[in-house]
Amino acid sequence: MKPKESRRNIIYYFKVWRQVVRGGLKRSYLYKTDVLVRVLRTILVLGIQIFFLSILFGDKELYVGWSKSEAYLVVGIWNLLNYLGWSLFSTNLLYLESKVLDGKFDYILLKPLSSSWYASFSDFFINNFITALSGLTLIFYYIIAEFGNISLINILVGLVAIFISLLIWYSIYLFFASFTISNPRNGVLSIAKELLGLTKYPIDVFGDNLKAIFYTVLPIAFLTTIPANIIRGEIGYGYLVISLGIGLFILLLAKLVWRWNVKKYSSASS
Amino acid sequence: MKDRKQNKKILSREIQMYFKRESQYKGQMLAWIIADAIKIVGLCFIWLAASNTKGIGNQEYIVSYYILIMFVSKFTSDFTLEHGIRNILDGRFSNFLVKPYSYLLEYLGTNIGGNILRIVLFLPSFIGAIYFARINNLWIVDFNPYLIFLSLIAIILGFGISFLLGNIVCLFSFKIKEMDGIRILYYNIASLLSGEFVPSIFLPEIGKFLFEVLPFRYTLSFPVELIIGRVNDYEKEQGFILGFIWLLILFVLYKIIYKKAIKKYEAEGI
């Protein structure tokens, strides 16, 4: 299986994923009411977040050194990462547990594809993709509100940083989900969920000690705060390289842990 | 009388079965404790940062409120939607129909068992959060026995309302086959209107009116308001009366909808 897997190139994977997306889109044609419900949910999510931030700010201009529109930017990046994640891979990795318990994980291992890739991207959920638009709305709001104060190059570099954040987000999810293979129902994804949930607000909220941890040992600051700071023009582009390095390192680590857990996997169906 | 005794026995068995099932997964329990701790630490830091800006009043109220909301939510949570919808869609609901007692008894047992387990697991985080809030002068609750007694009644009432609401939403899956969107939208609406995201003191007049009239408040915010002790006697009475009226309405509504919905059941998975 291994030699075959290594022969598959990126284009092949992209073609497979395109078919997966088509399948997801076809399902949305079938359940139109569900799509409408998700649109309503997107508006609701956005309303709740804006309202919550207005309480957090009270009558002050700044919250831990961030203005309201900058806080919208952080929440927007978080929404984009979170709901895009649910649309692309998080839901698939969440269902991994039931696949392992039902013995269906065997079929994933038998596919002529990378098992971690297929377990992550075997389905596409258009409905969460719709909710991700709430993130784009908040990011665009920030760009429009601060148009005169931010540079175009910062916005473009910031967008690249958001893509790298998605890679980190995926790697963290994959890392935690992989333990499900050898030890299902371990609940570690709930830890990942809460950990990633902390990034909904600027990391400056957490004081110096925790902040140091979130920039180094648990680099969740690179998910929303760093891209937002790049767009704000508060930090240099060197952080982009550090982000990419961290993203690739966590991805590599997640892949190693995945393989280690696959070796320990025992099929429930056999 | 005999029926009631038997139902009690079944309910107690269901709770015991839940504990036995869950005790197989000790890793999951540990993960829940860690996840709860992360969530509550995050919440404390977010509001502590807000209090440092000194922009808004009622900071102590808000911190105490959110810590208690997390605690009370462990008592009043309903998990019916997580498995109930799947049972109907997969045809597994047929198993409940041939049993000589209502399926609600089984669901109730699972919910009570789940809630007891989560309360126990949440206690370390809860105590830690109170300690954290106290040392930062952000804790205003002095645990008055009378108010605790009242809030316990309100919690039981809230759990009943939450359980019936969950079961009513579940019944829609007899007719609608794609329930994911509706389920998540329901969670969002319930969270917003129960006071989980935004305390009622921040709502505008019209919002406050809706908040008090709809049943969601009585599943979470009302017991918390009682524990904090900033509710006058008239508001207490009004809250209990409205809560009981909603419990009754929802029970009747459940009965009517179930009678109609069951006729549409097709046991598709079988």
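Residue-level check: of (1) part of a loop (DSSP other than H, G, I, E, B); (2) out of contact with any Pro (no Cβ under 9 Å at 6 or more places or on another chain), A:A268 misses just (2).
Screening the range B:150-178 for residues that are within 14 Å of chain A (Cβ to nearest Cβ) and either surrounded by fewer than 21 Cβ atoms within 10 Å (Cβ to Cβ) or under 20 Å from the mean Cα position of the chain (by Cα) (or both) and picking the one that is modelled with the highest pLDDT gives B:V169. Name the residue, out of A:I144, A:I108, A:I153, that is crowded, with 17+ Cβ neighbours inside 10 Å and among the β-branched types (V, I, T). Just one listed residue meets the conditions, A:I108. Is it fair to say B:G239 is within 9 Å of chain A (Cβ to nearest Cβ) and buried (at least 20 other Cβ atoms within 10 Å of the Cβ)? Taking the combined requirement at face value, the residue does not satisfy it.
Does A:I235 qualify as being part of a loop (DSSP other than H, G, I, E, B) and surrounded by fewer than 20 Cβ atoms within 10 Å (Cβ to Cβ)? Considered against the rule, which asks whether it is part of a loop (DSSP other than H, G, I, E, B) and surrounded by fewer than 20 Cβ atoms within 10 Å (Cβ to Cβ), A:I235 comes out as yes. Residue-level check: of (1) within 14 Å of chain B (Cβ to nearest Cβ); (2) farther than 30 Å from A:F222 by Cα, A:Y107 misses just (1).
It is to be established whether one or more residues within the range B:129-149 are polar (S, T, N, Q), surrounded by fewer than 21 Cβ atoms within 10 Å (Cβ to Cβ) and free of Cβ contacts under 8 Å to residues at least 60 places away in the same chain. Taking every residue of the range B:129-149 in turn, none turns out to be polar (S, T, N, Q), surrounded by fewer than 21 Cβ atoms within 10 Å (Cβ to Cβ) and free of Cβ contacts under 8 Å to residues at least 60 places away in the same chain. Taken over the range B:175-232, the criterion of being hydrophobic (A, V, I, L, M, F, W, C), within 30 Å of A:I126 (Cα to Cα) and assigned to a loop (DSSP other than H, G, I, E, B) is satisfied by B:I176, B:M179, B:F197, B:V198. Scanning the range B:126-145 for any residue that is within 14 Å of chain A (Cβ to nearest Cβ), modelled with pLDDT of 90 or more and either touching a His at 6+ places or on another chain (Cβ under 8 Å) or farther than 26 Å from B:C44 by Cβ (or both) turns up nothing. Here the helices (runs of 4 or more DSSP H) wholly within the range B:50-158 that include at least 1 residues being under 29 Å from B:A31 (Cβ atoms) and aliphatic (A, V, I, L, M) are B:59-76, B:80-89, B:103-135. B:I40 passes all but one of (1) under 24 Å from B:T219 (Cα atoms); (2) modelled with pLDDT of 90 or more; (3) in a helix (DSSP H, G or I); (4) more than 9 Å from chain A (Cβ to nearest Cβ); which number fails? Every listed condition holds for B:I40 apart from (2). In the set (1) among the β-branched types (V, I, T); (2) farther than 20 Å from A:S190 by Cβ; (3) more than 14 Å from every other protein chain (Cβ to nearest Cβ), B:I62 fails one condition alone, (3). If the condition is being within 17 Å of A:A71 (Cα to Cα) and more than 12 Å from the chain's Cα centre (by Cα), then the range A:185-199 contributes only A:L198.
Residues checked against (1) within 8 Å of chain B (Cβ to nearest Cβ); (2) over 13 Å from the mean Cα position of the chain (by Cα); (3) at pLDDT below 95:
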{"residue": "A:I164", "(1), (2), (3)": "no, no, no"}
{"residue": "A:W169", "(1), (2), (3)": "no, no, no"}
{"residue": "A:A177", "(1), (2), (3)": "no, yes, no"}
{"residue": "A:S182", "(1), (2), (3)": "no, yes, yes"}
{"residue": "A:V205", "(1), (2), (3)": "yes, yes, yes"}
{"residue": "A:V217", "(1), (2), (3)": "no, yes, yes"}
{"residue": "A:A221", "(1), (2), (3)": "no, yes, no"}
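For A:L84, are the conditions met, namely being under 24 Å from B:L192 (Cβ atoms) and more than 14 Å from chain B (Cβ to nearest Cβ)? Taking the combined requirement at face value, the residue satisfies it.
The values are calculated or read from the model by the stated rules, or taken from the named source; none is laboratory data. All values reported here derive from a predicted model rather than from experimental measurement. Reconstructed Cβ throughout: ideal geometry from the backbone, glycine too, with neighbour counts over all protein chains shown.
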